[in-house]
Amino acid sequence: MKRVAIVGSGQTHHTGSRLDVNGPELINEAVIRALEDTGLKRKDIDGVLIGNMDHFEGVNGVELWSIDGNGGLMKPTIKMTTGGTTGSTLAIGGYHLVASGHFDRLLVIGWEKNSESDTTGAITTAFDPIWDRMVFAGAISGLAIDAMNYCHKFGVTPKDAARVVVRDRMNALKNPFAHVRKEITIEEVLRSPLIADPLRLWDMCPRTDGACAVIYASEDVAEKIAPKPTWILAAANRHPYSYVGDVECYPITSLYHASREAYAKAGIKEPLKEIDVMELYTPYSYANLSWIEALGLAKPGEGPKLVWDGATEMDGELPINPSGGVICTNPIGATGLIRAAECAGQISGKAGDHQVPGVKTALSTGFGGCFWSDILIYGEKKP
Amino acid sequence: MNSIEAPETLLWRESRIKIPYAWAAGETASRFFIEIRDRKKIFGTKCPSCDKVYCPPKKTCGDCFSNCGEWLEVGPDGEITGFTQALYEGGAHPVKNPVGGLILLRGASTAMLHLIGQCPLEELKIGMKVTPVFKENRQGNILDILHFIPAKQNHG
Ligand SMILES: [Zn+2]
C-alpha cells in the first residue's frame, strides 16, 4: 500500500444561490483552483473521483453530466455517493484509490447546488419508504430528537448550544470562502424561530451552493508537487442502521467507534493533547457539544464546559472549525471534503486568515444518513 | 413500473416522488437562450486553443480547460448527423412519437440534440440540410426552437 498525501485544494466562494453557473461550471471553479494550487494541469491528473447527492439536483449520473467541468474527459472517472457523508466518503475513497497504487494523482471533487431543490423533500427520499418515510422523515427531525435526548441526559441548555454557533460564526468571518459570514450573539440564536424543539433556525447549518476539489498524490510524486504535503495517517468509518428508531443517540456510536479505530491507526492516545485542529461535520449546534464527547475530548456531559472554557477557540488548546464549520457552510456533497481540504490547508500553512499556528496533526469528520460517521486524521510527517 | 401481482399475504405501498426543482442555466446558457428568444439567433462559443465551436455553447472547454469566451453566430441551418423516431411512450417527450436528431449547425463543431419535424421518416437522411422553426411565443428554453425541418421546405 502506498502512502498518500493531499497536495492541494480549491473551493468555490460558497453562497446560497449560484444562478450564474450550472453544476458543471460550479465544479470547474473549484477544479481550476485546485490545479492552480498545485501547479498541475488537467493532463497531469490520472483520474477523477466525484460525488454529490443526486436527488438534490435531480440529475442522476453527475459524473457524466459534469465531465467538461470536472476534468474527467477521457480519463477514469468514478462517482461515490453516501448521502450526507458523501464528502468524507470521497476523502476516504480518494485515499484508498491512491493507496491502492492505481492512481498517482487523483482529483477528488465534492459539490452540491442545494438551491436547486427542496432539501427536505429530497432528503425524505433517503428514508425507508415502508417505515419512516410515511411517518416522520426529513432532514431535521432526527437531529432534533438527538439534541433533545442529549439535553435530557446531562441538563445541557440551548445557551450552551448557542455558544458554539457564536464560535463558528466568528471563525467564518476570517474565511473568504464561507457562506454565512455574519457575527451572531447567543441571544440572537435563542430568539431565532424554533424549527423542531430544541433546534432553532440559527442552530442549523445553511443550504449552500458550492464545490470543493482536492488533489491526492501517492508517495512517489507528492513531495515533487507540494513543498509540504499533508499525509493521511488514518481513515475509518461506521455506517450503522437503516431506521431512525435503531439509532443510539448517545454517545453517537458510529463516531465513537470510527474515532477509536482512527486513533489506534494513527497512534493517538490523548486526542485533545495530540491533535492540533479539528474540522467537524457538525450540521447543528448541539452536535458540537455531544460529538466532541464521543470523540473523547471531554467526559460525558462535559462538552459544553470544554467550549465555555475556550479550549476550542482559535487560540485554545484544540481549535475546532477554524473555517466556520458546517454551521456556516453546507454544500452537502462537498461538506465532508471541505473538512479534508481545510485540514490540509492548516497543515500545509495555506489556511490564510484562519490559519492556526503550528498545526502538525489534524482531524476531520463526516456525518450523514442515519447517524453515520467518517473520520480522517492527517499529519505533516510522512507515516 | 411493472404491474404487481401478489398473494394477499404480501403487501406493497404505492406512492410517487414529487420534488420541485429550479435548475440554474448559468450565464453561458442564459445568453444562448436569450439570443434565440429575443433575436432568433443561434450562437456557439469557441475554444481559443482547440478552435472548436461548441453549440450548445460551453463556458469552459472540457479538454483544455480554456475559457470559451468568444461567441460566434452559427447556423441557423445545419445538417442531420443522426436521427431516430421514438415509437414508445416517454414521460418527457414533448410530442407523441418524436423524431429526435443530432443537428450540426453551420459553423459549429458539435451537434445539438433537437426535434425534426415536417418530414416523413422515410425521407429523412443523415447529411440532410435542415433549418430551425422558431416558436411564436418564446420562453427562453430549448423548445423556443419548435423543431428543425428540411431546408428546401422552408424556402418553398
Ligand atoms: Zn479547448
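A compact table of results
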| quantity | calculated |
| --- | --- |
| Highest-fluctuation residue, B:Ala24, B:Ala111, B:Ala86 considered, GNM on chain B with Cα pairs under 10 Å | B:Ala24 |
| Sequence-distant residues sharing a close amide H with A:Ala234 (under 5 Å, placed H) | A:Ile377 |
| Inter-label distance for A:Lys350 and B:Lys96, nm, one decimal - labels placed 7 Å from Cα along Cα-to-Cβ | 5.9 |
| Cα point-scatterer Debye curve for the protein assembly as shown, base-10 log of I(q)/I(0) at q = 0.06, 0.12, 0.13 Å⁻¹ | -0.34, -1.10, -1.22 |
| Residues listed by number, region B:5-44, amide nitrogen under 15 Å from B:Thr81 label point at 7 Å toward C-beta | B:44 |
| Per-residue Cβ neighbour rank within 10 angstrom, fewest leading, A:Val307, B:Val130, B:Val95, A:Val356 | B:Val95, A:Val356, A:Val307, B:Val130 |
| Dimensionless Rg/Rh of region B:27-153 - Kirkwood Rh, Rg from C-alpha atoms | 0.98 |
| Per-residue average of Cβ from other chains inside 10 Å of B:58-66 | 6 |
| Environment charge at B:Glu70 (Cβ cut-off 13 Å; Lys +1, Arg +1, Asp -1, Glu -1) | +3 |
| Shape category assigned to region B:71-143 from the gyration tensor of Cα positions, a/c cut at 1.5 | oblate |
| Region A:218-226 - phi-based ³J(HN,Hα) in whole Hz, Karplus 6.51/-1.76/1.60, Gly and Pro as x | 7, 4, 5, 10, 4, 6, 7, 8, 10 |
| Exposure proxy order (Cβ contacts within 10 Å, fewest to most) of A:Asp146, A:Asp118 | A:Asp118, A:Asp146 |
| Per-residue average of Cβ from other chains inside 10 Å of A:17-27 | 5 |
| Simple spin-label estimate for B:Phe134 and A:Ser17 in nanometres, 7 Å along Cα-Cβ | 2.8 |
| Linear extension gain, B:Lys40 paired with B:Ile19, 0.36 nm per residue minus alpha-carbon span | 4.3 nm |
| Prolate/oblate/rounded label for region A:239-383 (Cα gyration tensor, a/c 1.5) | rounded |
| Number of partner chain Cβ atoms within 10 Å, mean per residue of B:20-32 | 6 |
| Residues of type lysines that B:Lys18 reaches as a straight line, Cα spacing below 28 Å, ignoring anything fewer than 8 places off in the same chain | A:Lys79, A:Lys113, B:Lys96 |
| Using alpha-carbon coordinates, inclination of helix B:26-39 to the longest axis of chain B, degrees | 70 |
| Inter-site label distance for B:Glu5 and A:Lys159 at 7 Å from Cα along Cβ, in nm | 6.9 |
| Derived scalar couplings ³J(HN,Hα) [region A:291-306; Karplus, 6.51 cos²θ - 1.76 cosθ + 1.60; whole Hz; x for Gly, Pro] | 6, 6, 6, 4, 6, x, 7, 8, 5, x, x, 9, x, x, 4, 4 |
| Order of A:His13, A:His55 - criterion: other Cβ atoms within 10 Å of each residue's Cβ, fewest first | A:His13, A:His55 |
| 3J(HN,Hα) from dihedral phi, region A:230-236, Karplus parametrisation 6.51/-1.76/1.60, rounded to Hz, x for glycine, proline | 9, 7, 8, 8, 6, 9, 7 |
| Added length on full extension, which subtracts the Cα-Cα distance from 0.36 nm per residue, A:His96 to A:Lys75 | 5.7 nm |
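Coordinate-derived values only; no laboratory data. Keep in mind that this is a model prediction, so the values were computed, not measured. When we count neighbours, we look across all protein chains shown, and the Cβ atoms used for this are built from the backbone with ideal geometry, even at glycine.
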